[in-house]
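S.K.: Just dropping this structure here.
The values are calculated or read from the model by the stated rules, or taken from the named source; none is laboratory data. Please read these numbers as outputs of a predicted model, since none were measured by experiment. Here the Cβ positions follow ideal geometry from the backbone for every residue, glycine too, while neighbour counts run over all protein chains shown. All accessible areas refer to the heavy atoms of the entire protein, side chains included, with ligands and DNA or RNA removed. Shrake-Rupley method; radii C 1.70, N 1.55, O 1.52, S 1.80 Å.
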Amino acid sequence: PARYFDTRTTEPVSFFLSGLEELLSWQPNSNDDFNVSAVPLARRQPPLRSSRPRTLVCHDMRGGYLEDRFIQGSAARNPYVFYHWRYIDIFVYFSHHTVTIPPVCWTNAAHRNGVPVLGTFITEWTDGEKLCEAFLAGGTEAYRVVGEQLARIAQHYGFDGWLVNVENALSAAAVGNLPPFLRHLTARVHSAVPGGLVIWYDSVVRDGALRWQNELNPDNSVFFDACDGLFTNYNWKEEHLERSRGLAGPRHADVYVGVDVFGRGDVVGGGFDTNKSLRLIRQHGLSAAVFAPGWVYEHLGEENFLHNENKFWGSLAEYLPTHSICTLPLTTSFSLGMGTSRFLDGQEETGPWYDLSAQELQPLYPEREGRLSTSCCLRDAWCGGSSLRVQGAIPPGEDRLAVRLFSLQMPAPPKLFLTLLYKLEGPHPEGLTVALELTTGDSCHDGSVTPLPNPNGWHHPRFLPAPPPGLAKLLAACHRGSHGWTSRCYELELPDCSLRDLSLLVSRPEPGPQETPFSCLLGEVRVLDAASVAAAPPQVQSVTASQLWWQ
């Protein structure tokens with residue numbers, strides 16, 4: 001069927017639903033298998049329900065369902081990717097179709113990085129009025145069945161809820177049923193999807209008129225009270241933020257203040273001035289909804305996209321609280337889920353590719369003006385399409401520089417193994433070494449009896465010239481033909497500790513009067529519980545194959 005498979009290539013594709021009839025007639029279907037997310041939502045800290053102000057990203061690009069609709073990837077050159085997951089809390093996939101089911105590749109990539117994904121339920125124009133009249137103006141049964149279907153769809157495809165956007169006027173009967181519909185939808189999503197969310201977009205007001213308020217106020221608070229949050233329109237000023245904060249009370253983090261990165265209308269700041277909007281929003285303790293950050297790609301062009309993307313998110317970093325990983329194993333090759341080539345064991349294999357489902361766990365992207373930069377390198381990688389390039393300089397008078405890759409928040413197992421694959425670029429001074437460093441958050445024992453005096457202990461894992469058997473297999477490829485890559489294996493015993501940070505440590509033999517510049521590619525990092533390396537992997541059972549097409 002054309003909905004599930006591309007008519008030109010027969011490849012499986014992600015899809016949307018148009019109109020009420022398609023929504024109400026939707027049923028799970030054996031052709032759906034490709035569209036079901038295979039990646040559970042990873043845990044991270046702090047949890048979404050904490051009172052800390054959040055950051056929502058609403059992705060709206062050229063109508064949606066572009067190259068990202070190809071579930072098994074495509075050979076797209078210079079596609080759009082998002083990878084600053086550590087800095088955001090919620091990802092919304094937006095389009096103008098009635099029921100926007102997020103392409104499964106986005107759900108997989110976001111979930112791997114601990115970010116929930118929302119689809120969009122939108123009604124607009126005259127057709128939207130008719131649609132709302134059909135399911136809201138009647139009895140409770142009509143709107144309850146719409147809520148049930150939306151919750152079933154999220155549960156079936158494995159995403160996390162809905163942004164609800166009614167962009168058309170409503171009759172008195174329809175607007176009267178809107179709050180109970182939202183309450184019902186929210187309750188159904190909460191029960192069908194662990195951690196599920198329903199967010200209302202600031203559009204119609206309680207008398208049914210379509211009037212964007214740019215704030216939470218008595219005209220739209222009835223909808224805010226019926227769901228998990230409000231996404232405001234974009235043309236606000238500081239007094240709107242003050243009033244929203246006052247009315248929200250303890251739910252201030254559930255007000256997502258809209259920021260249009262394209263800067264349309266009378267806005268505080270878009271483009272590279274988006275930080276001005278974020279600064280004001282955070283001063284009032286509110287959450288932010290960053291709309292269409294694909295501006296970087298659409299407006300500035302594809303050529304320098306990765307550079308401009310780092311510059312854009314770097315400009316917002318001080319207003320974006322980051323998130324910590326709280327489970328092991330931590331393993332990543334830093335791949336973005338795209339590339340000009342595909343690499344395996346350091347060797348270039350095929351031409352351009354794009355598959356966000358294959359995006360790996362993404363790090364923090366720290367920047368220090370003139371001293372340090374982290375970026376994605378597409379020209380060389382160990383596995384996938386990219387490696388992480390870390391460029392910087394060890395300052396005069398220092399013998400090392402630590403580059404924070406991941407924030408962690410979890411108890412350390414009694415013994416850890418760490419592996420690192422790296423490549424130093426260009427000329428570099430003799431004696432320059434690259435290693436991993438872990439910091440812990442409380443006084444603990446470093447494999448000896450004496451507690452460490454430093455409350456934020458820096459731990460330098462012990463290098464293992466001969467990795468244990470389980471790890472030797474993982475690193476074997478690097479010894480066979482390494483294409484310039486170096487592998488390192490370490491162990492560390494940290495009883496009764498909590499892990500805080502994983503950093504790359506670049507050192508020189510001794511401090512010098514000059515700075516020492518360096519450029520290093522990271523191809524893979526792993527932090528493993530030693531007990532899991534020793535254990536036999538679980539047996540795979542009941543493998544079935546379906547949807548086969550022989551060519």
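S.K.: What value does segment 16-323 have for Rg/Rh, both radii from Cα atoms and Rh as Kirkwood defines it?
M.R.: 0.94
S.K.: Mind ordering 205-212, 145-152 by average Cβ neighbours within 10 Å, highest first?
M.R.: 145-152, 205-212
S.K.: Ignoring ligands and nucleic acids, what accessible area does Asp254 show with a 1.4 Å probe (Å², nearest 10)?
M.R.: Counting only protein heavy atoms, Asp254 exposes about 20 Å² to solvent.
S.K.: What are the extents of the Cα atoms of segment 39-131 along their three principal axes, in Å, largest first?
M.R.: Principal-axis extents of segment 39-131 (Cα, largest first): 43, 38, 21 Å.
S.K.: Something else: Dipole size in debye (nearest 20) for segment 247-289 around its Cα centre, Lys and Arg Cβ +1, Asp and Glu Cβ -1?
M.R.: Working: 5 positive and 4 negative charges, 26 e Å.
Approximately 120 debye in magnitude.
S.K.: Oh, and also: Count charges around Arg3 for me, please; just the other residues with Cβ under 12 Å from its Cβ, Lys/Arg as +1, Asp/Glu as -1. Spell out each step's value before the answer.
M.R.: Working: positive: Arg69; negative: Asp6, Glu22, Asp32.
Summing Lys and Arg as +1 and Asp and Glu as -1 gives -2.
S.K.: Still on this structure, I have one more. When you take every Cα atom in segment 282-434, what is the radius of gyration, and what is Dmax, the widest Cα pair distance, in Å?
M.R.: In order Rg, Dmax, the Cα atoms of segment 282-434 give 17.5, 51 Å.
S.K.: Divide, for segment 114-203, the radius of gyration over alpha carbons by 2.2 N^0.38 Å, where N is the residue count.
M.R.: For segment 114-203, the normalised Cα radius of gyration is 1.05.
S.K.: Can you give the net charge of the other residues whose Cβ lies under 10 Å from the Cβ of Ser407, counting K and R as +1 and D and E as -1? Can you show the working numbers first?
M.R.: Details: positive: Arg44, Arg86, Arg404, Arg500; negative: Asp501.
Here the count lands on +3.
S.K.: Continuing with this model, one more query. Measuring from the lowest to the highest alpha carbon on each principal axis, how far does segment 330-534 reach, largest first, in angstroms?
M.R.: That gives 54, 46, 29 Å along the principal axes, largest extent first.
S.K.: Relative contact order for the chain: what is it in percent, counting Cα pairs under 8 Å that are at least 6 residues apart?
M.R.: Computed value for the chain: 13 percent relative contact order.
S.K.: With charges only on Cβ, +1 for K and R and -1 for D and E, what is the dipole size of the chain about its Cα centre, in debye, rounded to 20?
M.R.: Once rounded to the nearest 20, the dipole reads 780 debye.
S.K.: If packing is taken as the average count of other Cβ atoms within 10 Å, what order do 72-78, 417-423, 3-9 fall into, highest mean first?
M.R.: Final packing ranking: 417-423, 72-78, 3-9.
S.K.: Using only Cα atoms, find the angle between the long axis of helix 305-316 and the longest principal axis of the chain, and express it within 0 to 90 degrees, rounded to the nearest 10.
M.R.: The angle comes out near 80 degrees.
S.K.: What share of the DSSP beta bridges in the chain is antiparallel, in percent to the nearest 5?
M.R.: 70 percent
S.K.: Give me the tail of P(r) for the chain as a percent: Cα-Cα pairs with distance above 38 Å.
M.R.: Percentage above 38 Å: 34.
S.K.: Using each residue's phi in segment 225-237, evaluate 6.51 cos²θ - 1.76 cosθ + 1.60 at θ = phi - 60° and report the 3J(HN,Hα) Karplus result to the nearest Hz, with x for Gly and Pro.
M.R.: Computed from phi, the couplings for segment 225-237 are 5, 9, 9, 8, x, 10, 9, 7, 5, 9, 9, 9, 10 Hz.
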